[in-house]
Amino acid sequence: MSDISFEEEEFTTQFNGRTLLRIVQQVKPYWKWVAGFLLGMAVVSTLDSYFTYLGKQIIDEGILARDRERLIEIVTVYGSLIVMQALGVFVFIYMTGVLGQRVQYDLRKKMFNHLQALSFSYFDRTPVGWIMSRVTSDSERVSELVTWGMLDVTWAVFNIATAAVFMLSINWQLTLIVFLVIPVLVIVAIWFKTRILVQYRKVRKVNSKITGAYNENISGVRVSKALCREEKNLEEFGLLSGEMYRAGFKAAWLSALFFPMVQLISSVAVGSIIVYSGLQVELGLLTIGGIQAFVTYVTFMLWPINEMARVYAEMQRAVASAERIFSLIDAVPDVADEPGAIDPGTIKGDIEFDHVDFYYEPDEPVLQDFNLTVKRGETIALVGPTGGGKSTIVNLVCRFYEPKAGVLRIGGRDYREYSLHAIQSRVGVVLQTPHLFSGTIRENIRYGRLDATDAEVEAAAKVAGAHEFILKLEKGYDEDVGEGGGLLSVGEKQLISLARAVLADPEVFIMDEATSSVDTLTEALVQRGMEAMMQDRTSFIIAHRLSTIKRADRILVIENGRITEMGTHAELLRARGHYYRLYTRQFRDERARAYDPFRATTGAASAAP
Ligand SMILES: Nc1ncnc2c1ncn2[C@@H]1O[C@H](COP(=O)(O)OP(=O)(O)OP(=O)(O)O)[C@@H](O)[C@H]1O
Ligand SMILES: [Mg+2]
């Protein structure tokens, strides 16, 4: 993964054959389609070139020879062949379209499947936008390469090849002239096209930067003005515009030069053909129809050559796309089932951190030599300052991440001996940033256990304290939550996540609370739900509001990845340490809020996610 940058691609002129080979392998299952496609293409190309040849015969043997019967004969052949050609075109374009869809579908499916298997750590370091581009635009680009790109290339190659055969049969010296010019044209076209594309890509890149700069400046205009940043902004903007101007200028210059160049070379070719063929006609070696056919063949060839240059550039882009897709498909999950992992059917038992070390980034340790044993059925509350490591501890229990050193045991066994499914299906977790899927509230709760009946869903919502607010919604349980639950407040999302966990009836319950965004009334509801969940199961509760956790069996204060205080509520208050200060301050704040009507209402559940 590390060799892939998250910047959008720089255009390169180098070529990776291995990736190209892998792209070809994507098409392999559809070799019959490809074969059919090639056959259709061969028929069409041969007919294309043959039509020009028939044109020659019409002129020479029909018109110039004033042979009416021969003319009708040739035209009849021409007409019936056109029907055949139309059929061929239909076949290969249809096949190309289907093939493209298949390849794209396969790639997307592979990526989707693999994304499900990848660990949290992958998503930590990979921006969502980056992944989305792989699934959407990159897979499309690759499928376009194997279809329309392949179509253009084979069409060009077949056309040139079949034309060459007919040209040779008419006059070999002229054919030689044409085939001396073609390589020159190909080189010129590719040289120009790739450079023009580089410039245009630069323009696009700078353009998106400019859009971003505009956006930031407009939305931040108050800040800029307040801090007198206008001069500096203008300077930065000027630099960007200059960059864009230079790239655009270069692109225009190259394009302007390209077409006359191609025209010049083609004119030289056509000119030489005409002069030379004039001589040949005088010697009786070439007919008028032959000249006409030759000129047609040459102009026929110029277009595919031009196309090939474009396809070549597209191909490099598609190969770069494929490289990124494969990097995603090849990414190895950090957390995966060990060989021989088992699912014992239950994971009830003590949870034990034994000298556990953990970090997200190698040089930033989060937990060091962390030790903790949680008895089966015990409720553990974790409190402490932001960034202390509370979420990290529960992430390890869920096995979203694994310890870097030391062992985490469940029921006396290293939890890596269990399958991921064995653990994750029995640990119910309400995350600090709850996520809902687009769909109804009912569907979202049912996500906890797919075979639950409507009555069970509602019962779970009641336990979680979500029932009341759901009923107040216009459509109740059938209310749409919007993408990512965007139509609900964070507090409401947590209630639904809690209901989901209740429905799943896990053996271990984890709640990473975000109560800061829940009003006091909702908080009381959440608390009731949590208490119901905490009964008879091992629970980890992370709370910022301490009233929630007073009744926990043990409270742990986590600071800098260490347990600095541990005990019951009463014990910790007596100890007069961090917890005592936290508690008394919050208690004071809450009293103050009770007398301050403005603060009491702004604390309501209205925060955006
Ligand atoms: N996905 C991640 N990638 C890198 N670093 C992370 C990641 N998640 C947390 N950290 C870092 O690990 C440390 C512990 O974070 P953690 O989320 O466990 O704290 P927390 O106690 O849950 O804080 P809060 O009360 O704000 O939720 C922090 O320094 C944080 O910056
Ligand atoms: Mg946290």
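Summary of values
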item: Some residue of segment 513-531 being in a strand (DSSP E or B), in contact with a strand residue (DSSP E or B) (Cβ under 8 Å, 6 or more places away or on another chain) and more than 16 Å from ligand 2 (Cβ to nearest atom); result: no
item: Residues that are of a type in the set (S, T, N, Q) and crowded, with 19+ Cβ neighbours inside 10 Å, drawn from segment 404-436; result: none
item: Residue within segment 383-394 that is within 16 Å of ligand 2 (Cβ to nearest atom) and of a type in the set (Lys, Arg) present; result: yes
item: Residue within segment 392-414 that is part of a strand (DSSP E or B), within 16 Å of ligand 1 (Cβ to nearest atom), in contact (Cβ under 8 Å) with a residue 24 or more places away in the chain and touching a Pro at 6+ places or on another chain (Cβ under 9 Å) present; result: no
item: Listing of helices (runs of 4 or more DSSP H) fully contained in segment 106-146 that carry 2 or more residues being more than 11 Å from the chain's Cα centre (by Cα), more than 16 Å from ligand 2 (Cβ to nearest atom) and hydroxyl-bearing (Ser, Thr, Tyr); result: 120-125
item: For VAL526: the one exception among (1) in contact (Cβ under 8 Å) with a residue 12 or more places away in the chain; (2) more than 23 Å from ARG591 (Cα to Cα); (3) under 37 Å from the mean Cα position of the chain (by Cα); result: (2)
item: Cross-chain or 6+ apart pairs with Cβ under 7 Å, segment 415-432 first and closer than 17 Å to GLU402 by Cβ and at pLDDT below 90, then within 16 Å of ligand 1 (Cβ to nearest atom) and part of a strand (DSSP E or B); result: VAL429/ILE510
item: Every residue from segment 376-391 that is of a type in the set (S, T, N, Q), within 8 Å of ligand 1 (Cβ to nearest atom) and not in a helix (DSSP H, G or I); result: THR386
item: Any hit, segment 343-354, residues being crowded, with 21+ Cβ neighbours inside 10 Å and in a loop (DSSP other than H, G, I, E, B); result: yes
item: Positions within segment 452-474 being in a loop (DSSP other than H, G, I, E, B), over 36 Å from the mean Cα position of the chain (by Cα) and modelled with pLDDT of 90 or more, in sequence order; result: none
item: Subset of segment 486-511 that is surrounded by fewer than 23 Cβ atoms within 10 Å (Cβ to Cβ) and in contact (Cβ under 8 Å) with a residue 60 or more places away in the chain - its residue that is farthest from ligand 2 (Cβ to nearest atom); result: ASP505
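The values are calculated or read from the model by the stated rules, or taken from the named source; none is laboratory data. Model, not experiment: these values are computed from the prediction. Backbone-built Cβ (ideal geometry, glycine too); neighbour counts: all protein chains shown.
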